[in-house]
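Remarks on the structure that follows.
Since every read-out is calculated from the coordinates, none of them should be taken as a lab result. Computed from a predicted structure; not experimentally measured. Cβ placement follows ideal geometry from the backbone for every residue including glycine, while neighbour counts extend to all protein chains displayed.
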Amino acid sequence: MGDKQSTISDIVKNYYNNYGLRAKELKGEGKQFIGYVCSLVPLEIITASGCIPFRVRGSVYEPITRGDTLLETIVCPYYRSVFDLSVKGKYDFLSGMVIPHGCDSMVRSFSAWSYGLPFSYFHFVNIPSVCDESSFEFFDSELGAFKKSLEKFTGKAITEEHLRQAIRVHNENRDKVRALYELRKTDPPLISGTELTMTLTAGSSLPIEESNDLFDQVLTGVKGRKNSLPQKGPRIFIDGACLDNIELIKLVEELGGNVVADTICNGARDHLPKTDVGGDSIEALSRRYLGKVNCPKTYRANKAGTFEGDIANRFGDIGTYAREFKADGAILYVYKYCDPFGFEVPARKAYYHSLNLPLLHLEDIYSAGTMGQLRTRVQAFLEMIG
Amino acid sequence: MTLPDYFAGIDIGSTMTKAVILDKGVIASIIGPTGPEQRRLANRVMEEALKQAALSIQEINFIVATGYGRINVPFADKQFTEITCHGRGIVQLFPEARTIIDIGGQDVKGIKIDASGKIVDFVMNDKCAAGSGRFIEVIADTLGVSLDTVGDLSLQSSHPATISNICTIYAQQEVAASLAEGVPLSDLLAGVHQSLADRICRMVNRLRVEDSVIVTGGGAKNRGLINALSEQLGHKVLVPEDPLLTGALGAALMGKEIIEKARKSNAPIETKERILEEVEIL
Amino acid sequence: MAEEQKEAKPKKRTTATKAAASIGPLVKEFITGTLQAKAEGKQKVAYTFIVCHHEEIFRALDVVPVWTENFAGICGAKRDAERFLQRAESLGLSRSLCTYALCGIGFDQWREELGQMPPDAPWGGQVRPDFMISSGQILCDPRSKWYQASQQFMPDVPIYNIDLPYPLYQVNRDHREVLGYYHQYIVKQLRGLVAFLEEQTKKKMDYDRLRELVGLSDRTWNLIEETYDLRKAVPCPMGTGDAMNTMVPINFMMATQKAYDFFVDLKKELEEKIARGEGEVENEKYRLMWGGGLPAWYALNDFNYFNSKGASFPAETTYRMVAPLHEMDLPETKDPIEHLAWRWLGYWTFWYDRARKRPGSEPDVERLINRIEEYKIDGVVMHEAFSCRTWHVGLIWQLHQLSKIYKPIPVYVIGKDGKKEKGYRELPSLVLESDIIDITSYSEVDTRNKIDAFVETLESIRTSRAA
């Protein structure tokens, strides 16, 4: 690796480790950051309002303390950590917060958030549970209401032109993420899973233009590498919800695997689907966030009439990625208390079986303390498929 | 004349350290002391095994470490998980084995293997004492019975008690209360064994259990548990003669295979310096 | 094995009212009714969920609802859920998920594997449905995942999933701004359900009949309100223990004459008890509210335990899934589907305006305050069931917020100058922890210790209360 590369990875590491660093700087310059959780918040509308979307993160290293005095321990452990950090003031630099109907944990704790945190703007975006034509109509209106709430907050109208511009620059960001993913196709990949997840996570704390610049730098740096990663090893696909801490991916790579693709929220789910351009912006966003973001929370009707056909429709993106990135095995990583993912485990298992892709299913609690026990499972799995 | 080959496997479990040395067959096997502070001293177990085989550590061609403490064994050439090693060790002893249940001090594993001993699938319980050998230990302690006798005592029961709590702490209270109410000891123990067997079955049933089923680890020495398991699984259950050693045996065999494979392809064999130092535990 | 795994039967629970005592056989009757309907094949049988405001549509098309949450609850109450939960676990489903759903999926998978009911299935078992109607709403994730998971084992049984959202309470927004498009969406979703059921039953919807049924449930709603209002009497004639029985006609029998008649009888019974001065407990010392959480169905006896300490439960929030219609200001419409959609939104936003008027309040908190005042409540009890996020997340925050904004108990405190001063303190509360049907999470000793300590707190507050 050349010098240039090391400076880029230092920038990424710095943003990753000091999450929110840039936001705090820019707040000093009068910029307003709006926090969000989940892949289902239409970021383009925040960008169009002149505010900056900021993905709120948890920490697997921080024991949950204050959060537990306000929120039950039976909520999703990832979300519990995010809430705990928030009530401890880690994200006090934000001006507002948007929470979508991503799961029951988000819905039922909305009051605990909105009454407990000092932000002047709070909004809940209701995401339909089904995907009918009428659901898209409803979602158009719901996004209209979201837009209106931001206009009220900033005192400025959001025009169609603002939205188009925001869609363009967010799509650019997705093109760059796609290009980063392309670097994983060689064997061994040019970029490790750990580096990629750190880069994307760092990006989600920056204004979208800066995120674009950062991704460009990483792309140039990685393409200029003399050698690919040192080790060939089983090519692993990670399937699950939000893994905004790199520990699991790092563990896989320490043990000799290479993470080459994923469905995770702060990976492919957030970053790969693009918004259509040319038509009405709100409608295009509604199609993207409800139609294209594939989250188990959204019920997609069984149109095939068979189980095999149903799972092929629901999980088809997994098969496509797995083939494209030549995965040798997959890890389905599910948080305890996660109803949307949890109920899909048998069907997902069957789907991986139909792909003939070996699968390791892990249930975890979003804590670095569990990595020791995950180590044996991951290593045994790599031994099994290696 | 070529020198004979020697392979060693060392299995550092959460409560016991085991070592096996092979040439064509097992020439030494040692089960080391228990307890967390001794785990570090796995080198002593290795020393003893070497003494038994009348070998020096330099004479061992390849050493594989496995088990919970495998990660920082300074004298091991390679590490494999106990899952892979149990598979390899068991298929050597029971070529017809397809399902392995390893009941250790701190965790339980279910392993499916194919005819060559290769892992097809596995499950592991989370680090909760309720599903492991520790559960029986705690209850034996509460009831004031020695751990070696609980299994046999439980077999004397004709009316196993129902233990409704699976949490070790709750179950401990429940058992103490039942004892005070006069429930016979053997019935309580039978209930406790059934409850543990039930937890284990629930986990192992996530794999499609196929014959033959082999149980290894410390739990395999408990006849009461083996009976309860066999009954609840609906499968006959076999136990190796020395159920604690299958991981170390498998580890030694893995080493043997690595050497053989390397020789066949003329690949270099990477070994570490043979220093018998203490083990760092994570 | 199946037999051995059944837990020991608890002592039979006693109810305060005859009406509540009549519920057990009634439930058994509809479980056998579903089996019979399926055997006869004249009516279609459908899995579905409570609180979807779709009963009228079902009944107008003669579809027999199989309330799958009810069946899981029965397994729990009979302490026979464990074997079904274990089956679900062996499929790879985590025990931390909704145990109703786990029980149902485990049961379905077993029934489908056998091609007949699992051995000793509770009350004859849960019938194989002709189709499944789920609803994601904004209320419960497992609802839209459960039947999808079950469908793996019966792929020929179709699912229709209706979305029934409502606007979440947001402090700075008048929910009326968005009600219009919510209403439009719900109407379309319900019409979609009608079309699906018409196709499945090969019948046409008779809208006059639907209108009549909607009218019947509206009348039942009002009657339930009037009946439950009677529990404001001191001593309280009927407690939450009984209400966990009388929830049956509210949630499983809506849009039937039988449900209406049930409440006519219950109302009469309560009026008579009040006239005789007869309470749920003989010497009522404390009036408690079940302020949140579904009950532990296998441990309903705990209500009797509360009673034995002189504690009565005149009010609860759980399963009182109705609200006074005349206070809702629903838009007039002749279209019964439109009315159902308005009633849905009216129910879920019922406390919004009131909450907005009280600083720091919130709809669920406001409802607690309202019941505390109307029912003269001395303490709040909640139950946190680990497997259900829908009804059990937000409860401790509600108690936290309640204690912050609402301090109704006058007490003397020692002021700065060392003199006794009159002050106010919050209502005491108790949070019990276990599960709806997973009995392994429950400890009777622990629960009763907590109850004892809570009753001691109530007693000390009673004696130290300032005049």
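Per-structure values
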read-out	value
Binned Cα-Cα distances of the range C:349-457, short to long, each 5 Å bin given as a whole percent	2, 10, 17, 18, 18, 14, 10, 6, 3, 1, 0
Virtual spin-label span in nm between B:GLU270 and C:LYS334, 7 Å along Cα→Cβ	8.4
Max mean-square fluctuation residue, GNM over chain A, Cα-Cα springs under 10 Å, options A:ILE282, A:ILE74, A:ILE318	A:ILE74
Proportion of all alpha-carbon pairs of chain B beyond 36 Å (%)	19
Förster radius 22 Å - calculated FRET efficiency between C:ASN301 and C:GLU278, Cβ distance, rounded to 0.05	0.55
Within a Gaussian network of chain A (alpha carbon springs, distance under 10 Å), most fluctuating of A:PRO77, A:PRO346, A:PRO63	A:PRO346
Choice from A:THR201, A:THR275, A:THR154 showing the highest fluctuation, given a GNM over chain A with Cα pairs closer than 10 Å	A:THR154
Over chain C, relative contact order from alpha-carbon pairs under 8 Å, at least 6 apart, %	17
Range in chain C, longest, excluding exposed GluC sites (Glu not before Pro) [loop by DSSP; at most 12 other beta-carbon atoms within 10 Å]	C:1-281
Long-range HN-HN contacts of C:VAL45 with modeled amide H, under 5 Å	C:VAL64, C:ASP130, C:PHE131
From phi via Karplus (6.51, -1.76, 1.60), per-residue ³J(HN,Hα) for the range C:92-100 in Hz, x at Gly/Pro	x, 8, 6, 5, 7, 7, 3, 6, 4
Alpha-carbon centroid distance for the pair the range A:311-375 / the range C:87-136, whole angstrom	23
Per-residue ³J(HN,Hα) for the range B:262-267, Karplus 6.51 cos²θ - 1.76 cosθ + 1.60, θ = phi - 60°, Hz, x for Gly and Pro	5, 5, 4, 9, 6, 7
Average beta carbon contacts from partner chains per residue of A:354-362, 10 Å cutoff	1
Rg/Rh for chain C, where both radii come from Cα atoms and Rh is the Kirkwood radius	0.97
Volume per residue that the Cα convex hull of the range A:242-312 spans, once the total is divided by residue count, Å³	135
Paired Rg and Dmax values of the protein assembly as shown, which use every Cα atom, in angstrom	31.4, 108
Spin-label pair B:ASN72/A:ALA179, simplified geometry with 7 Å Cα→Cβ offset, distance in nm	4.3
Orientation-averaged projected area, Cα convex hull of the range B:33-110 (nm²)	6.1
Placed amide H near C:GLU316: partners under 5 Å, 5+ positions off or other chain	C:TRP290
Alpha-carbon gyration tensor eigenvalues x 5, square-rooted, for the range B:96-238, Å	28, 14, 12
Prolate/oblate/rounded call for chain A, Cα gyration tensor, a/c under 1.5 rounded	rounded
Computed [θ] at 222 nm, helices only, for the protein assembly as shown once each DSSP H run of length n ≥ 4 contributes -39500 (n - 2.57)	-14500 deg cm²/dmol
Efficiency of FRET between C:HIS183 and A:ARG300 - r from beta-carbon atoms, R0 35 angstrom, step 0.05	0.90
Sites matching trypsin sites (Lys or Arg not before Pro) across the range C:4-103 that sit in DSSP coil, with at most 16 neighbouring C-beta atoms within 10 Å	C:LYS6, C:LYS11, C:LYS12, C:LYS42, C:LYS78
Hypothetical label at A:LYS292: residues of the range A:161-187 whose amide nitrogen lies under 20 Å (7 Å Cα-Cβ projection)	A:161-183
Convex hull of the range C:72-117 built on C-alpha atoms - directionally averaged projected area, nm²	2.9
Centre separation in Å (Cα based) which lies between the range A:39-68 and the range C:422-467	37
In nm, spacing of pseudo-spin labels at C:SER460 and A:ASP276 (7 Å Cα→C-beta vector)	6.6
The protein assembly as shown - share of DSSP beta bridges that are antiparallel (%, nearest 5)	30
Sequence-distant residues sharing a close amide H with A:VAL125 (under 5 Å, placed H)	A:ILE99, A:HIS101
Crossing angle, helix C:336-348 versus chain C [Cα axis fit, 0-90 degrees, rounded to tens]	30
Relative contact order of the range C:345-423, defined on C-alpha pairs under 8 angstrom at six or more residues apart (%)	22
Förster radius 60 Å - calculated FRET efficiency between A:THR220 and C:GLU426, Cβ distance, rounded to 0.05	0.50
Whole-angstrom gap from the range B:194-263 to the range B:62-98, using each part's C-alpha centre	14
Karplus-derived 3J(HN,Hα), 6.51/-1.76/1.60, for each residue of the range B:178-193, Hz, glycine and proline x	5, 4, 5, 7, x, 5, x, 3, 5, 5, 5, 5, 4, x, 5, 5
DSSP-loop trypsin sites (Lys or Arg not before Pro) across the range A:179-271, with at most 11 other Cβ within 10 angstrom	A:LYS226
Unmatched cysteines, chain A - criterion: no other Cβ of a Cys under 4.7 angstrom	A:CYS38, A:CYS51, A:CYS76, A:CYS103, A:CYS131, A:CYS295, A:CYS338
Largest-first principal axis extents of the Cα set of the range A:23-124 (Å)	37, 26, 23
